[in-house]
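Structure, as structure tokens:
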Amino acid sequence: MKFLFTGRSDLPLDRDAHSRFLPWLIAFMVFLAVLALAGMLILKGVAARWDNGVSGTLSIQISPTEDLTNDEIRLGETLKILATTPEIERYEVISDERVKELLKPWLGDIGDMAELPLPQLIDVVLKSGDRLDATAFEDRLSQKVSGVNVDDHQVWLERLVNLIRTVQGVATLVLLFIAFATVGTVVFTTRTGLAVHREAIEVLHLIGAQDTYIAGQFSQRALMLGLKGGVFGLSLGVPTIAGVGYLARRMDGFLLPSMQLQPVHWVGIAILPLLVAIIAMITARTTVMRTLAGML
Amino acid sequence: MNPQDDEPIVRFENVGLRYGLGPEVLQDVNFSLLPGSFHFLIGESGAGKSSLLKLIYLAFKPSRGVISLFGRDIAMTPREDLPALRRKVGVVFQEFRLLNHLSAFDNVALPLRVAGTRENEVRRHVSELLAWVGLKDHMQARPPTLSGGQQQRVSIARAIIGRPRLLLADEPTGNVDDDMGFRLMHLFEELNRLGTSVVIATHNMHLVERLGHRQLRLESGHLNIREAVAPPQSGPSPVPATDPQAVKEPSDTRGQQSPVDPKPKKSIFDDDYKGSGETFGDPASLENFL
């Protein structure tokens, strides 16, 4: 670490033309990593919110008939059963006004509900930690009430969560590719540096320098270049994700979930340049140590 | 005298060296160097002098045979222990091998820095040694801006700053005139007098015969040892020859990175080499230094 603080190096690594592109490449890598990580964190939050919002709830639909009286009786029977089911915390019949509101974006204003037969909807909230088998519960209801459908949202929720997990997996792969590309670039740059400075390295060796002494000079250089490029990449990536978040917030909430990043997420993104720089430092050190091990 | 003082610091047993699949450039080389000895390594160009030195300063591994350095069989020594052995050997390379991007100061400081010496000590000792070799005004100069003689002195300063037990010099007079050549030889003899073993590879037979030290003669890859001969009586010798049997016992701390204390005084060469413009410090200062 001595060189980091003194700025002194026995090898003229700061004059190497081949390492000048390294900060730019690392800046690009960090920029991509910032986008991938931000996307991953947002999707993780979305999946968690959807999961929390839907799990522990059921939706019950009672399909309409032409006989309104019969419909009322079927609703009453259903509510009786709900009231006596121990796993249920509470339930609420969705009012006609609320149903109209929910359908408004697709159907516009609905004047008389009688003209458009819609099912009775009941929102059910289960007791915390309790589970209720939707299929079995539907069978139980159907024995007393016809035309009842119980939906625990699991089918579409699982598909949605699977989709999000897939996208998260892709983002993770992108991060891994970025890490591999960084490692490959640093290995190439370091090997080139070793070849260019072979004469000076040999002299250092012959006057008694340990491999760690020489590797230290390369690794400190890689750390500094990594930090330089990383900070630049971060300075491009943060405005980009902030801009995308701003555009997302301007759209209607029901089309896109909240794309806000939590403070802890920002911390994670902020340490990306340091992480990439440390990867570059360790890679450079390992490359030098392995190469020098082949010398006497 | 410690028992180990009689142990050879370098021992070659049936050593052979070939480059790649080529013929052996060194064949069945056997010799030992005792502490405090002074040897010339002589032979025609291409006889293998540089190769032999490279084997001693651990730049190469032998193709066969056993090399021991300071009592340790190199083949059996773990790689991580080799730097410590190398620090006990100071090398004046034929082409100096100074790092051109570093100043004279930083070049000389290298052996101390790689040994982890504190920076304030590095500054003090390197400044004093450079002043002692007459480069006080060139400390921040880069090697390409220095003359051949000045580069040679930087190279020598780098070789001795770490107080080596063994000093190897490969054709140290090859790039300087006779005047400077004798002055360099005097410096090496002073170092030897103070306990450093010295091996000088040269093809300058005039110099070898004049100083009369023991000779390691390489001929067609084979090594022959010739005992020291008395320097010719006719004609003044600018420097006294050193009897290798009467050298001062080396200090136990030689080869360690420890404080040095050269105190630049007047140059003893000022009188003998008036007008040269290049001076070394006096041996008294060197004694303080070593």
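The values are calculated or read from the model by the stated rules, or taken from the named source; none is laboratory data. Being a predicted model, the structure only gives us computed values, none of them experimental. Neighbour counts are summed over all protein chains in view; Cβ atoms, including those assigned to glycine, are modelled from backbone coordinates with ideal geometry.
Points to keep in mind about this one:
- Condition met for A:Asp152 (charged (D, E, K, R), within 14 Å of chain B (Cβ to nearest Cβ) and either touching a helix residue (DSSP H, G or I) at 6+ places or on another chain (Cβ under 7 Å) or under 27 Å from A:Ala36 (Cβ atoms) (or both)): no
- One residue alone among A:Ile271, A:Ile241, A:Ile214, A:Ile207 is surrounded by 15 or more Cβ atoms within 10 Å (Cβ to Cβ) and under 24 Å from A:Phe21 (Cα atoms), and that residue is A:Ile214.
- Selection status of A:Glu72, within 23 Å of A:His153 (Cα to Cα), of a type in the set (D, E, K, R) and in the same structural domain as A:Ser146 (by TED's automatic domain parsing): no
- The C-beta contact set for region A:94-106 (first residue closer than 16 Å to A:Ile60 by Cβ, second residue at pLDDT 80 or above and charged (D, E, K, R), distance under 9 angstrom, 6+ apart or interchain) comprises A:Ile94/A:Asp123.
- Filtered by the rule that a residue be within 11 Å of chain A (Cβ to nearest Cβ) and charged (D, E, K, R), region B:70-94 gives B:Arg79, B:Glu80, B:Asp81, B:Arg86, B:Arg87, B:Lys88.
- Flag for A:Ile88 being surrounded by 11 or more Cβ atoms within 10 Å (Cβ to Cβ) and modelled with pLDDT of 85 or more: yes
- Only listed residue being within 29 Å of A:Thr166 (Cβ to Cβ) and either surrounded by fewer than 16 Cβ atoms within 10 Å (Cβ to Cβ) or under 37 Å from the mean Cα position of the chain (by Cα) (or both), chosen from A:Ala38, A:Ala136, A:Ala83: A:Ala38
- Members of region B:120-132 that are more than 15 Å from B:Gly162 (Cβ to Cβ) and aliphatic (A, V, I, L, M): B:Ala131
- For region B:152-189, filtering for residues that are modelled with pLDDT under 85 and basic (Lys, Arg) leaves 1.
- Checking the stated criteria, A:Ile178 turns out not to satisfy the condition of being in contact with a Leu (Cβ under 8 Å, 6 or more places away or on another chain), within 11 Å of chain B (Cβ to nearest Cβ) and in a helix (DSSP H, G or I).
So that you can scan it fast, the table gives a plain yes or no per residue for (1) under 14 Å from B:Asp106 (Cα atoms); (2) touching a residue at least 12 places away in the same chain (Cβ under 8 Å); (3) within 16 Å of the chain's Cα centre (by Cα); (4) crowded, with 21+ Cβ neighbours inside 10 Å:
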site: B:Val126; (1), (2), (3), (4): yes, yes, no, yes
site: B:Thr145; (1), (2), (3), (4): no, no, no, no
site: B:Gly148; (1), (2), (3), (4): no, yes, no, no
site: B:Ala157; (1), (2), (3), (4): yes, yes, yes, yes
site: B:Leu167; (1), (2), (3), (4): no, yes, yes, yes
site: B:Glu171; (1), (2), (3), (4): no, yes, yes, no
site: B:Gly174; (1), (2), (3), (4): no, yes, yes, no
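- Flag: A:Leu32 does not match the condition of being at pLDDT 90 or above, within 30 Å of A:Gln210 (Cα to Cα) and away from chain B (no Cβ under 14 Å).
- Failed item in (1) buried (at least 18 other Cβ atoms within 10 Å of the Cβ); (2) touching a Leu at 6+ places or on another chain (Cβ under 9 Å), with A:Arg74 passing the rest: (2)
- Residue in region B:151-170 that is of a type in the set (Asp, Glu) and in a helix (DSSP H, G or I) present: no
- Matching residues in region B:216-257 - criterion: being modelled with pLDDT of 85 or more and in contact with a His (Cβ under 7 Å, 6 or more places away or on another chain): B:Leu216
- For region B:98-151, a residue qualifies if it is at positive phi and within 9 Å of chain A (Cβ to nearest Cβ), and exactly one does: B:Gly116.
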